[in-house]
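Accompanying notes for the structure given below.
Just so you know, all these numbers are worked out from the coordinates, no wet-lab data involved. Owing to the predicted nature of the structure, the values given are computational and were not obtained by experimental measurement. Cβ coordinates were reconstructed from backbone atoms using ideal geometry, including for glycine residues, and neighbour counts include every protein chain displayed.
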Amino acid sequence: MKNTPSVEELLEIYRKMVVVRRIEEKLGDLHKEGKTRGPLHRCDGQEAVGVGATAMLTPADYVTSTHRGHAHYIGKGLDARRTVAEIFGRETGYCKGRAGHMLVADREHGMLGGNAIVGACIPAAVGMAQSIQLLKSDRIAMCIFGDGAAQTGICHEAMNIAALWKLPVIFVLEHNEYGLTVHADAQSSITDLSNRAAGYGMPGEKIDGNDAVAVYQTVSSAVERARRGEGPSLIEAKTYRMTGFSTSDMGGYQPEYVMAAWQQNDPIDRAYNELTQNIDRETLDRVRVEAEAEAEGAFDQALADPFPSFEHHAASAPYSGPVS
Amino acid sequence: MTRQRYADALNSALREEMQRDETVWLFGEDISTYGGVFKVTRDLREEFGEHRVRDTPISEQTLTAMAVTAAMTGTRPVLEIMYADFMPLTLDALINQASIYEYIWAGQVQMPFVLRTQGGGGAGAGAQHSKSLDVLVAHIPGLKVVAPSTPADAKGLLKAAIRDPHPVIFLEHKLLYNTRGEVPGGEHLCEIGKARVAREGSDVSIFATSKMVHEALGAADQLADDGISAEVVDLRSLRPLDNQAIVRSVEKTNRAVVVNEGWRFCGYGAELSATIMEQAFDHLDAPVERLGTVDMPIPYSEPLEAEVLPNAGKITAAARRALR
């Protein structure tokens, strides 16, 4: 099939998914030990969307993300150690500890950036796409957002404008079935939000979001279309949130039988099985162990890194206060 | 020097900056084909084309969010929001997006955009088209806010705002568009953050913004008839605020009247009044007199509307109280 990832590309997607999963698990452990600060939003089970959808992008392409962006960050090429350092508020973090895990940005990799106002990453990517069009560059902009964000007014406004002006933007709807605790069925009268694309006059596709190959294929075609100047696409990747809204979520609303079924549909296991067609299990297991070690090493290093000092921040802040 | 209307001075500023820098572009409702409902963008589409002078759908939330991210990715957007009363729709993009990223992302991005809007009462436009909401934006660290009262300042401040590396909210007044004044020829820029003494005086200082500067000048004429010498200071920049100019004037006159067209409660006058208290208390011979719009919705009918807005007569009375 067109745009199928090469074995090397799929192996890299697999490796990054393992890094993300291990980061999420470590964060869960450290939260239980009382060693994290503020809410953390894990993406366990959703990794194939963020990693698969960003795998074909270049560092020059822009991605905007959500409060649940760890797979988007690692997918876009951010370093695990500096990402974890940001999550722990360290000077070595991508934003010197000022942003925290929900707002990570790295201009060098085109990650601009996490966004904790639900839906705000959607018009953000459209604005970047407008810049790209005016500057006649061949970049694209991508927003990865959830089914909760799809219900915002700005989602409608942004999709309408993007389609109207044929802007080079990809709308990746990471449908994990929940907006905080409220199920998608209680948020929209339709099940497949990709059907809305027709109303904007752009292509819309529904895909299996736990199948990294399908995510890569579909997004690649949309990216090519956008680079040709043919405008935006909406891709709805169906997945499921395995670990609750955040570390403060007390649970009780995600049915166990549903979770058990999704557990059998793990995106990392599926990529592994896919790869066994071309790579022996010993090699794959070694890649997994190394990826897990990379994630764990990121924590060891980041947690030993220094905290920033406030004086440094004040001196480098943009300033619109009194002149005198 | 040429004599220009305020609206035409703004138009000249836009034209000159678009000629100078091809990354400058304009967007907003009715600004392109029609030239703007107040004709500030008249004829610019013909010169620069529909992509750099863009008519938009009625989508203020997304347009403002787009200005933020287009500005961080290589272009300089100038967004027109038709009425200041629509500013509430822009606030997530301004407060949760534009104002935070330069600091939160540790200087990785700057956002050189201008949001132009116009407010103010006295035109019979009713409760949803007459407000002055300056404080909604002046409150936010990370945003600059300017409000020119003359054609010369309209041109000089708009050119400076477009060149500024930070977000600038540019507040116009619907009743100033047809006012005329001398505008310096050649390259005319006004530094953001500097007040202007509109009329020298020695008995009482009147600190005013936007159209209230003209009301204050009218009050100064009335006071002069009684032998009172009023100084009128046009603040021009609401944030950053020129504290030094305020202190200098109060040192000279020992009495102060502050007037802004927004509501009085928690209004801009409260900030001015507190600034004078903090920085010039020893020079005061009387309490600061604070004027604003009466704290109620702005009514439509002419005699009702006239009652709620500050004007020359009310300023004159306030100055007399300060001089008692």
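Reducing segment B:1-31 and segment B:218-283 to their Cα centroids gives an inter-centroid distance of 31 Å.
Within segment A:1-59, which GluC sites (Glu not before Pro) sit in a loop by DSSP and count at most 16 neighbouring Cβ atoms inside 10 Å? In loop regions of segment A:1-59 (DSSP not H, G, I, E or B), the sparsely surrounded GluC sites (Glu not before Pro) are A:E33. Looking at segment A:187-236, the trypsin sites (Lys or Arg not before Pro) that sit in a DSSP loop and have at most 12 other Cβ atoms within 10 Å of their own Cβ are A:R228. For the peptides A:252-265, B:113-126, A:67-80, B:172-185, the ranking by packing is A:67-80, B:113-126, B:172-185, A:252-265, with the highest mean count of neighbouring Cβ atoms within 10 Å listed first. Bridges between two residues of segment B:2-183, per DSSP, are antiparallel at a rate of about 15%. Loop-resident chymotrypsin sites (Phe, Trp or Tyr not before Pro) (DSSP state other than H, G, I, E or B) in segment B:241-324 with no more than 13 further Cβ atoms inside 10 Å of their Cβ: B:F265, B:Y300.
Relative contact order of segment B:196-323: 30 percent, from C-alpha pairs under 8 Å at least 6 residues apart in sequence. At a Cα cut-off below 17 Å, give the lysines reachable from B:K131, other chains included and same-chain residues fewer than 8 away excluded. Within reach: B:K174, B:K211. When the inverse distances between all different Cα atoms of segment B:196-323 are averaged and flipped, the Kirkwood radius reads 14.3 angstrom. Within chain A, the proportion of C-alpha pairs whose separation exceeds 24 Å stands at 53%.
Here's how it looks for B:K131: its modeled amide H is under 5 Å from those of B:D85, B:G120, which are all 5 or more places away or on a different chain.
Compute the signed sum of charges (Lys and Arg +1, Asp and Glu -1) over the other residues within less than 12 Å, Cβ to Cβ, of A:P123. So the environment of A:P123 carries a net charge of -3. For B:H173, nonlocal amide neighbours, meaning residues 5 or more places apart or on other chains whose placed amide H falls under 5 Å from its own, are B:G119. So what is the 222 nm mean residue ellipticity for the protein assembly as shown from helices alone, if each DSSP H run of at least 4 adds -39500 (n - 2.57) and you divide by all residues, rounding to the nearest 500 deg cm²/dmol? Value at 222 nm, helices only, nearest 500: -12000 deg cm²/dmol. Largest GNM mean-square fluctuation across A:L180, A:L284, A:L303, computed for chain A with C-alpha springs under 10 Å, falls on A:L180.
Dividing the convex hull volume of the alpha carbon atoms of chain B by its residue count gives 128 Å³ per residue.
Taking B:D55, B:D282, B:D221 in turn, the Gaussian network model of chain B (Cα-Cα springs below 10 Å) assigns the largest fluctuation to B:D282. Look at the stretch A:49-56: the mean tally of other chain Cβ atoms within 10 Å of its residues' Cβ atoms is 0. Overall dimensions of the protein assembly as shown, expressed as equivalent-ellipsoid semi-axes from the Cα gyration tensor (√(5λ), whole Å, largest first), are 52, 26, 21. Potential lengthening of the chain between B:D295 and B:R20 amounts to 94.6 nm, from the contour at 0.36 nm per residue minus the alpha-carbon distance.
Looking at chain A as a GNM with Cα springs under 10 Å, which of A:V118, A:V287, A:V219 has the largest mean-square fluctuation? Taking springs between Cα atoms under 10 Å, the residue moving most is A:V287. Each of B:D285 and A:T191 was given a label point 7 Å from its Cα along the Cα-to-Cβ line. The distance between the two points is 8.2 nm. Rounded to whole numbers, the Karplus 3J(HN,Hα) couplings from phi for segment B:26-42 are 10, 8, x, 6, 6, 8, 8, 4, 7, x, x, 5, 10, 6, 6, 9, 4 Hz, using 6.51 cos²θ - 1.76 cosθ + 1.60 with θ = phi - 60°, and x at Gly and Pro. Across all Cα pairs in segment B:245-291, the calculated P(r) in 5 Å bins from zero up to the longest distance comes to 5, 26, 34, 21, 11, 3 percent per bin. For peptide B:95-106, the mean count of partner chain Cβ atoms within 10 Å of a residue's Cβ comes to 6.
Restricted to Cα atoms, segment B:2-183 shows a radius of gyration and a Dmax of 15.1, 46 angstrom. Inter-chain Cβ neighbour count for A:115-121, averaged per residue, equals 4 (cutoff 10 Å, partner chain atoms only).
Between segment B:134-189 and segment A:223-274, what is the separation of their alpha carbon centroids in Å? So the separation of the two Cα centres works out to 48 Å.
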